[in-house]
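Comments concern the structure below.
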Amino acid sequence: MEYVIEMLNIRKEFPGIVANDDITVQLKKGEIHALLGENGAGKSTLMNVLFGLYQPEKGEIRVNGKKVNITNPNIANDLGIGMVHQHFMLVEPFTVTQNIILGNEPTKKGKIDIKKAEREVQEISDKYGLKVDATARISDITVGMQQRVEILKTLYRGADVLIFDEPTAVLTPQEIHELIEIMQSLIAEGKSIILITHKLKEIMQVCDRCTVIRKGKGIGTVDVADTSVSRLASLMVGRDVVFKTEKKPAEPKETVLKIEKLVVNDSRKISMVKELNLDVRAGEIVGIAGVDGNGQTELVEAITGLRKSESGSIMLKGKNIKNLSPRKVTESGIGHIPQDRHKYGLVLDYPVGENIVLQTYYQKPFSKAAILNYKEIYEKAKEIIEEFDVRTPSEFTKARALSGGNQQKAIIGRELDRSPDLLIAAQPTRGLDVGAIEFIHTRLIEERDKGRAVLLVSFELDEIIDVSDRIAVMFDGKIDAILKPEETNEHELGLLMAGSQVSGAGESNDKE
Amino acid sequence: MTKSNKLFTILIPIISVLLGLIAGAIIMLFSGYNPILGYTALWNGAFGDAFTIGETVRRITPLLLTGLAVAFAFRTGLFNIGAEGQVIVGWLAAVWVGLAVDAPMVIHLPLAILASLAAGALWGFIPGLLKAKLGVHEVIVTIMMNYIALYSVNEIVRSVLTEQETTTDAIAPTASLASEWLQGLTYFSRMHYGIVIALFAAAVMWFIIQRTTAGYELKAVGFNQHASKYAGMNVSKNIILSMVISGAFAGLAGAMEGLGTYGTISIMSGFTNLGFDGIAVALLGANNAFGVVLAAILFGVLKEGAGQMPTGAGVPTELVDIIIALIIFFVASSYIIRWVLLRFKKEGK
């Protein structure tokens with residue numbers, strides 16, 4: 001069999017760690033090859049080696065059977081290797097075409113020939129069914145479209161091998177579906193794809209083969225047709241993984257959170273939450289399902305005091321907490337795992353220890369008469385680091401240095417340690433690997449079993465169905481339906497999330 | 001990693017200073033001066049005898065305070081370019097109280113110092129308020145506040161404190177920081193008790209930043225406003241507080257000049273440059289209280305010693321300004337030094 005790309009026995013060291021140890025990946029022509037591994041397993045390092053950003057200590061790279069020496073990304077480009085980055089590299093005020101030709105502008109008598117470029121870009125877009133408007137401005141198009149611009153960029157530069165780095169992390173279920181179609185049409189046109197991911201379902205859905213990396217070591221390559229989700233998961237993590245988190249039926253008690261006719265505007269003064277009603281009771285997990293941008297963020301911000309509500313009421317255990325300051329809300333018994341952990345959850349330049357007391361530093365025993373007591377702070381931090389298995393060199397390490405999963409564990413530890421009556425978890429597992437997801441789900445259910453109310457907001461339907469006791473579908477600022485997870489499925493939820501009323505069960509996929 | 005980072009924060013300023021001095025020597029050489037003679041003159045100008053040492057300490061005092069002012073704001077994510085204006089209003093306030101109030105020293109001196117603190121704090125409060133409430137960038141407002149301070153103070157000196165004179169009367173001895181004892185020790189230099197206050201202020205800054213809940217909040221807001229808001233901190237309050245404290249430090253620097261060195265205030269044809277030099281001191285001192293003390297000493301020594309260079313070695317004083325500029329240049333381009341150091345470390349392994 002002919003391989004387009006071969007990375008043989010690659011070893012890459014950094015001071016103190018071996019990021020890649022004897023990894024072999026062989027990409028066949030016309031296949032979608034998954035690169036699977038936990039966060040920090042070394043997937044990105046390996047791809048950066050292929051892309052010429054790092055030089056390997058050992059091993060060799062072959063393109064179409066010929067040994068090559070890729071010392072910088074330009075060489076990778078010339079060899080027909082293109083990368084679709086997870087974080088888009090686009091200039092927002094520029095048009096699609098301007099972004100694509102950036103750094104490689106076609107000129108006519110010293111002037112940029114934008115018309116010619118637009119024609120070419122549109123041609124490529126049509127050829128692969130990308131449906132991108134070459135003249136649209138980046139700031140005007142959706143995230144899904146922006147990603148296609150990134151794909152177009154690599155195609156425009158003549159890539160035959162496309163590397164997708166966690167492409168579905170930022171997409172809605174519909175957009176994921178369309179992306180998969182695009183990938184298939186790329187393959188049909190003779191391209192080859194490497195898909196970096198830790199989402200097992202996607203691999204099962206689109207990939208032909210899968211190479212697993214665990215803690216920097218190449219574990220092996222398997223044919224996707226001969227494997228299963230649980231087999232892949234245990235290869236990746238190195239132990240068996242429980243997918244369906246074990247839980248007893250909920251025993252809901254008194255109402256903890258009661259929201260009535262809540263109206264919240266966004267910063268443009270447009271109503272994002274429209275007369276919303278919602279109850280969350282002690283001892284249950286209510287999952288809010290919905291496509292991003294239907295008011296979930298504003299709802300959570302309104303409850304936690306980060307955003308002003310226009311009208312309606314938010315009652316926590318019988319007390320109105322509407323428009324209280326975030327500190328008052330926290331003190332009245334709400335824990336909040338924020339959607340964006342880097343922006344809201346942590347002060348990344350503070351040590352882990354000081355992040356642990358982010359909301360409690362002014363209370364005893366962490367400070368007395370406005371003087372901080374570092375001994376107490378770091379002792380508490382140590383306790384939480386141990387209890388929540390936060391892997392950090394020490395409590396004095398800056399939060400920035402931790403992996404996403406461990407940052408999230410630290411936040412969860414901090415929020416649960418205050419024993420809040422209501423825990424709001426917004427996208428708690430975004431971007432995390434199966435091991436960390438499993439841990440977080442178990443913790444949320446434990447909190448429920450301790451009799452706390454949990455409000456889970458997630459765009460991942462699996463997570464909603466798996467963890468919630470009741471599912472509230474949010475569409476256009478309102479709760480459209482409340483369902484029991486055992487009585488619904490992804491198909492029905494997907495339709496509800498898109499705003500349509502369900503008329504009987506269609507051809508539904510079985511829910512895992 | 002943290003350990004080597006700490007090492008870098010210490011190594012980079014030292015290497016920058018050395019590079020600056022070497023570059024200065026090369027410039028002297030090319031301009032036809034003898035660098036050894038030049039630096040000897042500089043050394044003598046700063047440490048030659050008791051008098052010059054006294055004068056060096058006097059020069060260090062306000063630089064230390066403006067350095068603290070800028071560093072404090074920096075630590076909380078704000079760039080206070082307004083230390084200059086805060087020095088001027090602090091100077092005026094201190095002298096005004098020194099002239100107008102009649103009280104025993106235990107009341108008069110603290111009152112004059114407090115006045116300088118309050119004036120500097122007010123001058124920091126305005127840009128802080130505008131930043132916190134309206135999002136106006138503090139750099140622009142503080143620069144404008146510098147000019148407002150300069151021209152308003154000149155007008156007050158000319159028309160309120162004097163009758164169209166250029167300099168006020170000397171302040172009452174009860175408000176003076178001057179010390180006969182220190183003057184006696186240093187052959188009648190203008191060294192005064194201010195250095196004690198300045199060193200104390202450095203300790204205060206360290207304490208606020210490192211030990212108090214206020215410092216914890218201020219730093220958090222500087223690092224990440226969103227997370228601070230999420231954690232229940234009042235972001236606006238902290239921005240204003242930071243500028244107020246920063247301004248108070250700079251105002252105190254004005255009191256050093258008004259109550260210590262000169263005992264008067266004169267109409268100024270231009271800025272004192274104390275505030276602007278404070279930016280350099282803060283940068284070289286890595287925005288750390290102890291670092292600022294060391295950086296202020298270095299700058300004080302260089303500036304005072306420069307006075308001796310034309311007579312001692314025929315080297316123009318401007319050369320010292322070039323050296324200072326080069327040191328700042330090297331600190332600012334610390335990335336290059338860091339890179340070179342890392343290279344060496346790698347090869348050493």
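Amide H to amide H, which residues 5 or more places from A:V256 or on other chains are under 5 Å from it, using H placed in the peptide plane?
The answer is A:V280, A:R281, A:A282.
Report the antiparallel proportion of the DSSP beta bridges in chain A as a percent, rounded to a multiple of 5.
55 percent
Considering protein heavy atoms only and a 1.4 Å probe radius, which residues within the range A:323-352 exhibit an accessible-area decrease of no less than 30 Å² in the full assembly relative to the chain by itself?
A:P326, A:R327, A:K343, A:Y344, A:V347, A:D349, A:Y350
So what are chain A's ellipsoid semi-axes, whole angstrom, largest first, if each one is the square root of 5 times an eigenvalue of the alpha-carbon gyration tensor?
Sorted largest first and rounded, they come to 41, 28, 24 Å.
What's the angle, to the nearest 10 degrees (0 to 90), between helix A:374-387's Cα axis and the longest principal axis of chain A?
That helix lies at roughly 70 degrees to the long axis.
Given points 7 Å out from each Cα along the Cα-Cβ axis, report the B:I322 to A:A225 separation in nanometres with one decimal.
So the two model labels end up 7.7 nm from each other.
Return the subset of A:K12/B:K6; A:K199/B:K219; A:K328/A:K450; A:K67/A:K215 for which the Cα-Cα distance in this structure is over 30 Å, preserving the input order.
Going by Cα-Cα distance, A:K199/B:K219 fall outside the 30 Å limit.
Select from B:S152, A:I187, A:L162 the residue farthest towards the positive end of the dipole of the protein assembly as shown; place +1 on Cβ of Lys and Arg, -1 on Cβ of Asp and Glu, and compute about the Cα centre.
B:S152
Accessible area per residue for the range A:3-237 in Å², computed with a 1.4 Å probe and the full protein assembly in place, what is it?
Heavy-atom accessible area per residue stands at 45 Å².
Of all trypsin sites (Lys or Arg not before Pro) in the range A:155-218, which ones are in loop regions per DSSP and have a Cβ with at most 16 other Cβ atoms within 10 Å?
A:R157, A:K215
Under 16 Å from a label point 7 Å along Cα→Cβ of B:L199: give me every residue in the range B:34-75 with its amide N that close.
Zone members listed by number: B:53-65.
As I understand it, the dipole of chain B uses +1 on the Cβ of Lys and Arg and -1 on the Cβ of Asp and Glu, about the Cα centre. Which of B:A296, B:G135, B:G98 lies farthest toward its positive end?
Highest projection toward the positive end goes to B:G135.
Working from Cα positions, state the angle (0 to 90°, nearest 10) between the long axis of helix A:143-156 and the longest principal axis of chain A.
With rounding to tens, the tilt is 10 degrees.
Using r as the Cβ-Cβ distance of B:S152 and B:A100, and R0 as 25 Å, what FRET efficiency do you calculate, to the nearest 0.05?
The calculated FRET efficiency here is 0.90.
Helix by helix through chain B, keep the DSSP H runs that span 27 Å or more along the axis on Cα and average at least 0.5 on Kyte-Doolittle, and give those back in order.
B:2-30, B:50-75, B:105-134, B:235-255
Can you compute the modelled spin-label distance between A:Q174 and A:H87, with each label point 7 Å from Cα toward Cβ, in nm?
Inter-label distance under the simple model: 2.9 nm.
Considering amide H positions built from the backbone, and no H for Pro or chain starts, which residues 5 or more places from A:I371, or on another chain, come under 5 Å of its amide H?
For A:I371, the qualifying residues are B:T213.
Under a Cβ-only charge scheme (Lys and Arg +1, Asp and Glu -1), can you give me the dipole magnitude of the range A:3-237 about the Cα centre, in debye to the nearest 20?
Here the range A:3-237 has a charge dipole of around 460 debye.
Quick one: dipole size for the protein assembly as shown, taken about the Cα centre, charges +1 on Lys/Arg Cβ and -1 on Asp/Glu Cβ, in debye to the nearest 20.
Value, rounded to 20: 1080 debye.
Over 23 Å between Cα atoms: which of A:K111/A:K131; A:K269/A:K409; A:K261/B:K133; A:K258/A:K322; A:K343/A:K409; A:K127/A:K153 fall into that group?
A:K111/A:K131; A:K269/A:K409; A:K261/B:K133
Suppose accessible area is computed on protein heavy atoms with a 1.4 Å probe; arrange A:L90, B:L283, A:L372 from highest to lowest.
Order by accessible area, largest first: B:L283, A:L90, A:L372.
Grab the beta carbon distance between B:K133 and A:S185, set R0 = 56 Å, and tell me the FRET efficiency rounded to 0.05.
My answer for the efficiency is 0.60.
Could I have the simple spin-label model distance between A:N74 and B:N34, label points 7 Å from Cα toward Cβ, reported in nm to one decimal?
Result: 5.2 nm between the two label points.
Determine the residues within the range B:204-223 where the difference in accessible area between the chain on its own and the full set of protein chains amounts to at least 10 Å²; count protein heavy atoms only and use a 1.4 Å probe.
Listed by number, the residues meeting the 10 Å² cut-off are B:F207, B:Q210, B:R211, B:T212, B:T213, B:Y216, B:E217, B:K219, B:A220, B:F223.
Taking A:K115 as the anchor, which aspartates and glutamates have their alpha carbon closer than 13 Å to its alpha carbon, excluding any fewer than eight residues away along the same chain?
In chain and number order, the partners are A:E105, A:E123.
Is there a quick way to get the dipole size of chain A? I mean about its Cα centre, with the Cβ of Lys and Arg at +1 and of Asp and Glu at -1; what is the value in debye to the nearest 20?
The dipole magnitude comes to about 1520 debye.
The values are calculated or read from the model by the stated rules, or taken from the named source; none is laboratory data. The shown structure was predicted, so the numbers you read here are calculated from the model rather than taken from an experiment. Neighbour counts are summed over all protein chains in view; Cβ atoms, including those assigned to glycine, are modelled from backbone coordinates with ideal geometry. For accessibility, only protein heavy atoms count, side chains too; no ligands or nucleic acids. Shrake-Rupley method; radii C 1.70, N 1.55, O 1.52, S 1.80 Å.
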